[in-house]
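J.: A single structure is presented below for examination.
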């Protein structure tokens with residue numbers, strides 16, 4: 001396929017799917033063929049302005065496309081994703097890769113069996129500021145990460161860990177070359193039936209500690225990553241796409257310099273990377289295994305939050321813990 005346009009469809013015409021379609025339509029290396037959604041009118045509202053076809057069933061696209069992006073509710077990722085992969089369609093699936101590890105394994109097995117590209121939509125990997133900071137990482141030993149958003153009715157099929165924090169879980173896992181030793185986590189439902197705010201502490205075997213806070217009930221939008229390594233501190237603002245580097249030289253003098261960042265839309269970079277992987281048949285930057293690893297940590301975090309919630313409930317009820 002090298003050099004030819006990749007025929008792509010977007011499956012799911014919700015908030016994420018609309019952006020996928022817009023970016024793919026603008027990408028010179030891709031041809032947006034169709035937008036699929038069980039709500040045909042919604043699919044038409046996205047497809048028509050972009051000159052693409054609208055369909056109500058993704059199966060209508062078999063034999064007509066080379067690749068697809070999957071932006072449906074998380075519970076449907078495995079069912080639809082496996083179907084697409086089995087019909088020879090390369091796939092970018094939005095994060096989280098699936099609702100559970102068994103479903104993630106089904107996607108990985110299907111991609112392997114049918115020799116298909118499987119990329120997971122961990123968007124922040126393609127944030128230019130994160131890329132610049134990642135290039136500076138040598139031995140990160142302490143992280144402070146905050147991801148705060150105002151409440152919206154989007155993505156309430158998952159809790160704040162799978163909705164927001166999983167971005168930062170993926171980033172931390174990509175930067176720390178060590179296994180997780182211990183997880184401490186607390187979470188609380190506020191405006192939905194699932195945890196809307198969570199704080200997590202990850203301890204790694206090499207001594208690294210990562211503190212992550214995520215909230216979808218904040219009064220402001222914050223996206224910040226800070227990490228410390230021997231004689232250096234690096235700070236990143238995801239939203240502004242900028243950062244700073246504080247270093248200590250051999251004479252113990254503290255120096256400051258801005259992080260050099262070439263700003264760009266992360267989603268456009270992510271889609272371009274996916275289409276390039278399809279064209280060249282190369283391993284995508286964020287693999288299915290990466291997505292599964294982030295999901296596995298997120299699930300352990302949720303288990304820790306559930307255990308903590310039971311202790312709190314028992315304490316309130318005056319029962320022995």
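The values are calculated or read from the model by the stated rules, or taken from the named source; none is laboratory data. Computed from a predicted model, the values in this text were never measured in an experiment. Here the Cβ positions follow ideal geometry from the backbone for every residue, glycine too, while neighbour counts run over all protein chains shown.
J.: Of the conditions (1) assigned by TED's automatic domain parsing to the domain that holds residue 19; (2) surrounded by 15 or more Cβ atoms within 10 Å (Cβ to Cβ), residue 127 fails just one. Which one is it?
T.: Among (1) assigned by TED's automatic domain parsing to the domain that holds residue 19; (2) surrounded by 15 or more Cβ atoms within 10 Å (Cβ to Cβ), residue 127 violates only (1).
J.: Considering only residues that are outside any helix (DSSP H, G or I), free of Cβ contacts under 8 Å to residues at least 40 places away in the same chain and either outside the structural domain of residue 16 (by TED's automatic domain parsing) or touching a strand residue (DSSP E or B) at 6+ places or on another chain (Cβ under 8 Å) (or both), which ones fall in region 28-48?
T.: Narrowing region 28-48 to residues outside any helix (DSSP H, G or I): 28-39.
If we keep only those that are free of Cβ contacts under 8 Å to residues at least 40 places away in the same chain too, we end up with 28, 31-39.
Within region 28-48, 31, 32, 33, 34, 35, 36, 37 qualify.
J.: Then there is this: How many residues are in a strand (DSSP E or B) and in contact (Cβ under 8 Å) with a residue 24 or more places away in the chain when one looks only at region 199-213?
T.: The initial filter retains those residues of region 199-213 that are in a strand (DSSP E or B), namely 199-204, 209-213.
Filter once more, keeping what is in contact (Cβ under 8 Å) with a residue 24 or more places away in the chain: 200, 202, 204, 209-213.
Result for region 199-213: 8.
J.: Something else about it: Would you check which residues across region 272-318 are touching a strand residue (DSSP E or B) at 6+ places or on another chain (Cβ under 8 Å), over 21 Å from residue 162 (Cα atoms) and in a helix (DSSP H, G or I) and list them?
T.: Across region 272-318, the qualifying residues are 273, 274, 275, 277, 278, 279.
J.: Do we find that residue 155 is assigned to a loop (DSSP other than H, G, I, E, B), within 28 Å of residue 227 (Cβ to Cβ) and at pLDDT below 95 in this structure?
T.: Values: assigned to a loop (DSSP other than H, G, I, E, B): yes; within 28 Å of residue 227 (Cβ to Cβ): yes; at pLDDT below 95: yes.
Here the answer is yes, as residue 155 does meet what is asked.
J.: Could you list, in sequence order, the residues of region 214-251 that are touching a strand residue (DSSP E or B) at 6+ places or on another chain (Cβ under 8 Å), in a loop (DSSP other than H, G, I, E, B) and within 10 Å of residue 129 (Cβ to Cβ)?
T.: Passing the criteria: 238, 239.
J.: Tell me yes or no: at least one residue of region 49-71 is under 21 Å from residue 294 (Cα atoms), surrounded by fewer than 22 Cβ atoms within 10 Å (Cβ to Cβ) and free of Cβ contacts under 8 Å to residues at least 60 places away in the same chain. Give the steps one after another, and end with the answer.
T.: Going through region 49-71, the residues under 21 Å from residue 294 (Cα atoms) turn out to be 69-71.
So of that shortlist, the ones also surrounded by fewer than 22 Cβ atoms within 10 Å (Cβ to Cβ) come out as none.
There is no residue in region 49-71 that is under 21 Å from residue 294 (Cα atoms), surrounded by fewer than 22 Cβ atoms within 10 Å (Cβ to Cβ) and free of Cβ contacts under 8 Å to residues at least 60 places away in the same chain.
J.: Now, a different point. Determine which member of the set 111, 104 is in contact with a strand residue (DSSP E or B) (Cβ under 6 Å, 6 or more places away or on another chain), in a helix (DSSP H, G or I) and under 14 Å from residue 289 (Cβ atoms). Steps first, please.
T.: On the way: 104 fails: in contact with a strand residue (DSSP E or B) (Cβ under 6 Å, 6 or more places away or on another chain).
Just one listed residue meets the conditions, 111.
J.: Tally up the residues in region 184-200 that are surrounded by fewer than 16 Cβ atoms within 10 Å (Cβ to Cβ) and touching a strand residue (DSSP E or B) at 6+ places or on another chain (Cβ under 8 Å), please.
T.: 2
J.: Also, I was wondering about something else. Regarding residue 21, is this residue assigned to a loop (DSSP other than H, G, I, E, B), within 11 Å of residue 71 (Cβ to Cβ) and touching a strand residue (DSSP E or B) at 6+ places or on another chain (Cβ under 7 Å)?
T.: Working: assigned to a loop (DSSP other than H, G, I, E, B): no; within 11 Å of residue 71 (Cβ to Cβ): yes; touching a strand residue (DSSP E or B) at 6+ places or on another chain (Cβ under 7 Å): yes.
Judged against the criteria, residue 21 is not a match.
J.: Would you point out which residue out of 107, 123, 91 is under 20 Å from the mean Cα position of the chain (by Cα) and without any contact (Cβ under 8 Å) to a residue 60 or more places away in the chain?
T.: Values: 107 fails: without any contact (Cβ under 8 Å) to a residue 60 or more places away in the chain; 123 fails: without any contact (Cβ under 8 Å) to a residue 60 or more places away in the chain.
Selected residue: 91, the only one of 107, 123, 91 that is under 20 Å from the mean Cα position of the chain (by Cα) and without any contact (Cβ under 8 Å) to a residue 60 or more places away in the chain.
J.: In region 252-271, how many are part of a loop (DSSP other than H, G, I, E, B), surrounded by fewer than 18 Cβ atoms within 10 Å (Cβ to Cβ) and touching a helix residue (DSSP H, G or I) at 6+ places or on another chain (Cβ under 9 Å)? If you could, list the steps in order and put the result at the bottom.
T.: Narrowing region 252-271 to residues part of a loop (DSSP other than H, G, I, E, B): 252-253, 259-265.
Cutting the leftovers down to surrounded by fewer than 18 Cβ atoms within 10 Å (Cβ to Cβ) gives us 252-253, 260, 262-265.
Then keep just the ones that are touching a helix residue (DSSP H, G or I) at 6+ places or on another chain (Cβ under 9 Å); that gives 260, 262-265.
Qualifying residue count, region 252-271: 5.
J.: I'd like the full set of residues that are assigned to a helix (DSSP H, G or I) and modelled with pLDDT of 95 or more, limited to region 162-198. Don't jump to the end; show me each part of the working.
T.: Kept after step one, since they are assigned to a helix (DSSP H, G or I), are these residues of region 162-198: 162-175.
Within region 162-198, 165, 166, 167, 168, 169, 170, 171, 172, 173, 174, 175 meet the criteria.
J.: Is it the case that region 137-147 has a residue that's within 30 Å of residue 81 (Cα to Cα) and either within 20 Å of the chain's Cα centre (by Cα) or modelled with pLDDT under 95 (or both)? Please lay out each step first, then the result.
T.: Just the residues of region 137-147 that are within 30 Å of residue 81 (Cα to Cα), to begin with: 147.
Subsequent filtering for residues that are either within 20 Å of the chain's Cα centre (by Cα) or modelled with pLDDT under 95 (or both) retains 147.
Yes: region 137-147 contains one or more residues that are within 30 Å of residue 81 (Cα to Cα) and either within 20 Å of the chain's Cα centre (by Cα) or modelled with pLDDT under 95 (or both).
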